[in-house]
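A.B. asks: One structure, pasted below without further comment.
Computed from the coordinates by the stated procedures, all read-outs in this text should not be read as laboratory data. Nothing here was measured: the structure is a model prediction, and the numbers come from that model. With ideal geometry, Cβ positions are generated from the backbone for all residues, glycine too; neighbour counts draw on all protein chains shown.
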Amino acid sequence: NPWDVMTNEVFISPAEPNKGNNVWSVGSERMAEASDTKHKGHTAGRSMPWGVETNKVKHQQIHSKRTDLLEFEEYFKPVSYGEKKAAFSQYPRPGPTPSRNPDSDQPHTRDVTIMGYSIRTHRFRYTAWLKFDNQTYKPDWDHIVAEELYDHKTDPQEDHNVVGKRFYTRHKREVYSMLV
Amino acid sequence: DQPNVLLIIVDDLRPVLGCYGDSLAITPNIDALAHDATVFTRAYAQQALCGPSRTSFLTSRRPDTTRLYDVHSYWRKHAGNFTSLPQYFKENGYHTASAGKIFHPGIVSNHSDDQPYSWSETPYHPPTQAHKQDPVCLGPDGSLHTNIYCPVQVEEQPGGSLPDIETTRYSVSWLKKWAGGTAVRREAPAQPFFLAVGYHKPHIPLKFPKQFLDLYPISSVSLAPNRWLPKGLPPVAWNPWNDLRWREDIAALNVSFPYGPLPDFYARYIRQGYYAATSYTDSLIGELLTTVDHLFPDTIIAFIGDHGWALGEHQEWSKFSNFEVSTQVPFIIRNWRRTHNDTAAHGISQHPQSFNQPEYSGNDHSTYEHFSSRTGCESLPPKSAKSSARKAVEYNGLVELVDLFPTLVDLAGLPTLPQCPRDSSQVRVCTEGMSLSHVVQGNLQTVNSNTKHNNHRNT
């Protein structure tokens, strides 16, 4: 549990230039400093690679001692002054093909079996169409129905799904990991 | 010292606006707003459907948190008692009012526009919206139909008006009453307001005063450059645009299901209708902005679309997908302090004005004004070619509609929203977005100096 490292202080680490795989971390000052020296806080708290890149080191005092999660969240302030590395959208489908599912444009939630999760970076839009449980509202990341990858650098109008192209294997892996 | 807030939401509006570089669009009033504001060029909805998108950005939580992917449930009962954007302002001393479509109607907002939580007074809905699906569109046979393409004579419509005209009149009247301090009950003399105005067009049917057609001669309307089904598109990604198919004009074309395509000649008409409906909405927004700027110059103005709309790209129409055209939205914010200072410093009129941009050189705004006067609306902003040396601030970073809530909260000086934990079902107030206030307040250089934006995505 990443919150377990929290004591009385929240430490928000600076983003690692050109890597950005760690956005902010939660931990004691000592742990944060140690981790900052070692790995910019990567091990100190939870990692949100799609989040913001902060420019400055910020400290926030938590007024109470260690509390439960929700109480902690009440005190937590967002690192809200940076730039997003990705934007997300999603769309549900009742089945894999529109011809067999005429309501595929506006399915009722109880009929949704697939959810298309999209991540947009500055260059790519990647979409994973995943099996979706309409009772728990959770996707099954082990069951990918279909994928899309568009390279906006060469294809801003999204006319060419290059997800199967060998050239894009590395890019796909990167954006997929961000989406996950 | 707290500013007023005006939130304008336009239904199904993609960024076919002059200020977003669209060379065909004639939208001088929104462009004028953008001229003195921050334009977010890469803003995205979280789901390309009205109900889920609005619930998402009005609670600043993504659909997986609101658990709303359709239009059949109310988030407070279905997912959690999340505080809405207007509710937050209301609970922090604002008088909140709603006109037109803000929350998605029906069970999505508990058949009450989320009352009593969100609004200080009963939300206003235009009476003529009841005729939304009526067969009022003049067909080539001279009879009335339920079409997508639906230019109309306003005076001949049921109720003698159109919903967005009524919403604008109500909003203008509300502002005047608020300025007079007589008719609107407020808790304190200096109480600020949060007014949300929701426009129904250019949502289908594309019903608008027919005079706006002349802004876009059919010969000038091009087809989508990529109007073919993309190779490699998985079938699950396809949106069969059923919301168009049952309309009489589309049904008469016998378009095959699910891929179509729509004939080119009719695709051109739909695109013409969408642009005309957008200009019609722009004319009404101009009227609203004139009133706000005249009576309440210290107002934060936020302008967004709830999601995009495909205009034939990829052989698709409507929304219901993850394509760029379905999810990208206009997103403009004008800060009250910036407006105030700039108008003083640059001598810019506080009325929305046309401004010179190369894209508009071929367009005749006087014609536009002529049409507006015939819609029955009050007068548009005075035509002016006066241009400011200052250009709109464009921000090309990635932005999401869930960012709207924390941004407005920060700009208004209200207590900052905490970031949501992974499971926020028990947390009433939090955000899954991030504040853009640093961009709006002019700290853009700090941001841009640390990032490399890819200019290839510029419109």
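A.B. asks: In nm, to one decimal, how far is the A:Val180 label point from the A:Asp142 one, both placed 7 Å along Cα→Cβ?
C.D. replies: 1.3 nm
A.B. asks: Gap in Å between the Cα centre of segment A:114-180 and the Cα centre of segment B:21-55?
C.D. replies: Result: 25 Å between the Cα centres.
A.B. asks: Something else: So which trypsin sites (Lys or Arg not before Pro) in segment B:202-302 are both in a DSSP loop and have at most 14 other Cβ atoms within 10 Å of their Cβ? Show your work: numbers first, answer last.
C.D. replies: On the way: sites: B:Lys207, B:Lys210, B:Arg227, B:Lys231, B:Arg245, B:Arg247, B:Arg268, B:Arg271; in loops: B:Arg227, B:Lys231, B:Arg247.
Taking segment B:202-302 and a limit of 14 other Cβ atoms within 10 Å, the loop trypsin sites (Lys or Arg not before Pro) found are B:Lys231.
A.B. asks: Give the long-range amide H neighbours of B:Tyr199: residues separated by 5 or more places, or on another chain, with amide H under 5 Å away, using H modelled in the peptide plane at 1.01 Å from N.
C.D. replies: B:Ile9, B:Val10, B:Asp11, B:Lys101
A.B. asks: Same structure, new question: Ranking B:Asp282, B:Asp114, B:Asp22 by Cβ neighbours within 10 Å, fewest first, what do you get?
C.D. replies: Taking fewest neighbouring Cβ atoms as first place, the list is B:Asp22, B:Asp114, B:Asp282.
A.B. asks: Right, something else. If R0 is 25 Å, what FRET efficiency do you get for B:Glu121 and B:Lys77 from their C-beta distance, rounded to 0.05?
C.D. replies: Values: r = 24 Å, r/R0 = 0.94.
My answer for the efficiency is 0.60.
A.B. asks: Can you compute the FRET efficiency between B:Gln191 and B:Lys132 using 1/(1 + (r/R0)^6), with r the Cβ-Cβ distance and R0 = 41 Å? Round to the nearest 0.05. Please list the in-between numbers first.
C.D. replies: Values: r = 34 Å, r/R0 = 0.84.
With R0 = 41 Å, the Cβ-Cβ based efficiency is 0.75.
A.B. asks: If the chain between B:Glu156 and B:Arg337 were fully stretched, how many nm would it gain, using 0.36 nm times the residue separation less the Cα-Cα distance?
C.D. replies: Details: separation 181, 0.36 × 181 = 65.16 nm, distance 4.38 nm.
Working it through step by step, the gained length comes to 60.8 nm.
A.B. asks: To the nearest 0.05, what FRET efficiency results for A:Lys131 and B:Asp298 with a Förster distance of 60 Å applied to their C-beta separation?
C.D. replies: On the way: r = 51 Å, r/R0 = 0.85.
The value I calculate is 0.70.
A.B. asks: While we're looking at this one, here's another question. Once you average over the residues of A:93-99, how many Cβ atoms of partner chains fall within 10 Å of each Cβ? Walk me through the intermediate numbers first.
C.D. replies: Details: counts 7, 1, 2, 3, 5, 11, 6.
Counting Cβ atoms of other protein chains within 10 Å of each residue's Cβ and averaging gives 5.
A.B. asks: Apply the a/c threshold of 1.5 to the C-alpha gyration tensor of segment A:106-180 and tell me whether it is rounded, prolate or oblate.
C.D. replies: Numbers: a/c = 2.50, a/b = 1.92, b/c = 1.30.
Judged from the Cα gyration tensor, segment A:106-180 comes out prolate (a/c at least 1.5, a/b above b/c).
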